[in-house]
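As structure tokens, the structure follows; a few thoughts come after it.
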Amino acid sequence: YSCLPLCLLDAVFSIGVRYESTRNVVKRYCEAKSIERLRQPGEPEVEHNIDALIKAIGDIGPEAFAKEIVKNGQLTSSKSGILKAEAVLECAKVLKDCAIYTIEDFREKVDDSVEKKFREVKGQTSGISFSYLKMLCGDVSEIKPDRHVLRFLAGYLGYEPALDDAKTLLDRAVDELNKPSDREITPREVDYLIWSEMVGR
């Protein structure tokens with residue numbers, strides 16, 4: 001992505017839904033703010049940071065942002081959840097409080113304390129969206145243990161593993177895959193291959 005706000009929108013809106021709806025959220029935001037969605041490797045980030053995202057949502061409120069800008073009123077949970085647009089705003093405020101405004105900031109400053117604050121936002125407790133945000137910001141050691149990954153593993157194990165166990169299992173699988181190979185296969189690559197396989201079923 002061209003900037004951190006797009007990574008955050010994707011990470012929060014992608015949880016528990018078909019990815020096409022998330023892709024549309026990001027595209028609509030880019031159209032509304034006249035920014036490029038993607039950048040080539042080595043290109044600088046566009047000048048649209050976390051402050052800009054907070055202003056975009058805060059100026060009109062999460063409900064209007066969801067309805068008028070991204071046209072997506074999904075909740076973080078069907079039971080007592082909040083608008084994902086509101087969750088994005090709260091997560092963006094967490095990042096700002098940690099002086100994280102850009103993808104480069106995120107790579108340099110993210111740590112356990114940032115994750116702890118992020119996961120205190122309603123609907124982000126599981127840590128899936130934070131793991132995915134790390135992936136979107138370039139961390140190749142992460143996986144997104146969403147329903148696709150859990151279903152894939154359940155097909156082999158005969159039961160659905162816990163989120164933390166899913167990460168451990170895939171890390172072990174990556175270690176095995178790398179033993180006979182001259183190239184390094186990353187957890188992020190394995191995650192993407194599993195996601196592609198499960199979406200295609």
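The values are calculated or read from the model by the stated rules, or taken from the named source; none is laboratory data. From a predicted model like this one, the values you see are computed outputs, not experimental measurements. Cβ coordinates were reconstructed from backbone atoms using ideal geometry, including for glycine residues, and neighbour counts include every protein chain displayed. When the accessible area is computed, the model is the full protein with side chains, heavy atoms only, and any ligands, DNA or RNA have been set aside. Shrake-Rupley method; radii C 1.70, N 1.55, O 1.52, S 1.80 Å.
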> So CYS98 clears everything in (1) crowded, with 21+ Cβ neighbours inside 10 Å; (2) closer than 30 Å to LYS55 by Cα; (3) in contact with a helix residue (DSSP H, G or I) (Cβ under 6 Å, 6 or more places away or on another chain) except one condition, right? Which one?
Replying inline: (1)
> If a residue has to be open to solvent by less than 50 Å² (accessible area, probe 1.4 Å) and outside any helix (DSSP H, G or I) to count, how many in the range 16-48 make the cut?
Replying inline: 5
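For the range 101-201, which helices (runs of 4 or more DSSP H) that fit wholly inside it have 1 or more residues that are open to solvent by 80 Å² or more (accessible area, probe 1.4 Å)?
Working: elements: 103-109, 112-118, 128-136, 147-157, 163-178, 187-200.
Fully inside the range 101-201 and qualifying: 103-109, 112-118, 147-157, 163-178, 187-200.
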>> I'd like the full set of residues that are open to solvent by less than 50 Å² (accessible area, probe 1.4 Å) and either within 18 Å of the chain's Cα centre (by Cα) or closer than 17 Å to VAL17 by Cα (or both), limited to the range 62-76.
In response: ALA66, VAL70, ASN72, GLN74, THR76
> If you go through the range 40-58 one residue at a time, how many are over 21 Å from LYS122 (Cα atoms) and charged (D, E, K, R)?
Replying inline: 3
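Filtering the range 77-86 down to residues that are under 20 Å from GLU120 (Cβ atoms) and free of Cβ contacts under 8 Å to residues at least 40 places away in the same chain, which residue is least open to solvent (accessible area, probe 1.4 Å)? Even if it seems obvious, please write down each step before you answer.
To start, the set of residues in the range 77-86 that are under 20 Å from GLU120 (Cβ atoms) comprises 77, 79-86.
Then drop every residue that is not free of Cβ contacts under 8 Å to residues at least 40 places away in the same chain, which leaves 79-80, 83, 85-86.
Details: LYS79: 163, SER80: 91, LEU83: 33, ALA85: 1, GLU86: 70 Å².
Among those residues, the one meeting the criterion is ALA85.
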